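Just so it is clear, none of the values below were taken in a lab; they were calculated from the coordinates. Model, not experiment: these values are computed from the prediction. So basically every Cβ, Gly included, is an ideal-geometry build from the backbone, and we count neighbours across all protein chains shown.
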Amino acid sequence: MEYCETTALKDGRTCLLRNGTEADDKALLDIFVLTHGQTDYLLTYADECAMTAEDEARYLKEKAESPHDIEILAIVDGAVVGSAGIEALDTAKEKLRHRAEFGISVDRAYWGLGIGRALTRACIACARKAGYRQLELDVVAENAAAIALYQSEGFVEWGRNPRGFLAREGHWQELVLMRLELD
Ligand SMILES: CC(C)(COP(=O)(O)OP(=O)(O)OC[C@H]1O[C@@H](n2cnc3c(N)ncnc32)[C@H](O)[C@@H]1OP(=O)(O)O)[C@@H](O)C(=O)NCCC(=O)NCCS
């Protein structure tokens, strides 16, 4: 899918939100590794990233050509500072085709400027355009900022998984399961 919008940030700068393309392979890899090293709230650790720049290029090409998936980059002053995307749960199964998953991360240096909300809204708009009926996500229960963002955009909690993640330090991370009806 394609997407391109600009939005004004809280500090007066402009943020470009656009779908990633093959040429963003290195930038996406860099922002993935950076953001996954900045928080303990994401699914994978930075050192678990097995993707190469070639893998990212292939991934971004597929996303750009896909009628139902997208990876949106947030770009400030020419640098990729965050990304978010939607991905079909399972397009091969008719009963699951209405559901998509949402994921997001923003460079910590750019938190609190409105980028997370802008990316979330862009993904919701793309999910509607793609014809999904429900957008879903799992979020660590302690991730108050993300939960506040999701709730304010209409996501509701439908369940919890107390042993969702087992962190390296040995503690459980409870997951809040959220969904947004799109119709
Ligand atoms: C969650 C995340 C995407 C938010 O991005 P962001 O750019 O800082 O978000 P925004 O500036 O657009 O803020 C959106 C809303 O988030 C909430 N929020 C942001 N920072 C917050 C904080 N420190 N405490 C409480 N709520 C906060 C607020 O509701 C805010 O809305 P408001 O500005 O109207 O008050 C970002 O913190 C992040 O990337 N975290 C690490 C990765 C992650 O946790 N991803 C989600 C996995 S499920």
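Here is how the numbers come out for the structure above:
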| item | result |
| --- | --- |
| Dipole in debye (nearest 20) - segment 4-136, about Cα centre, beta carbon charges: Lys, Arg +1; Asp, Glu -1 | 820 |
| Bridge type composition, the chain - antiparallel percent by DSSP, nearest 5 | 95 |
| Set of lysines near Lys63 by C-alpha distance (under 23 Å), chain-local residues within fewer than 8 positions excluded | Lys26, Lys93, Lys95, Lys129 |
| Using a Förster distance of 35 Å, the FRET efficiency for Asn161-Met51 (Cβ separation, nearest 0.05) | 0.85 |
| Cα gyration tensor shape of segment 116-183, rounded if a/c is under 1.5, else prolate or oblate by comparing a/b with b/c | prolate |
| GNM result for the chain, Cα springs below 10 Å: residue of Ser83, Ser105, Ser152 fluctuating most strongly | Ser152 |
| 13 Å beta-carbon shell around Gln38, net charge (K/R +1, D/E -1) | -2 |
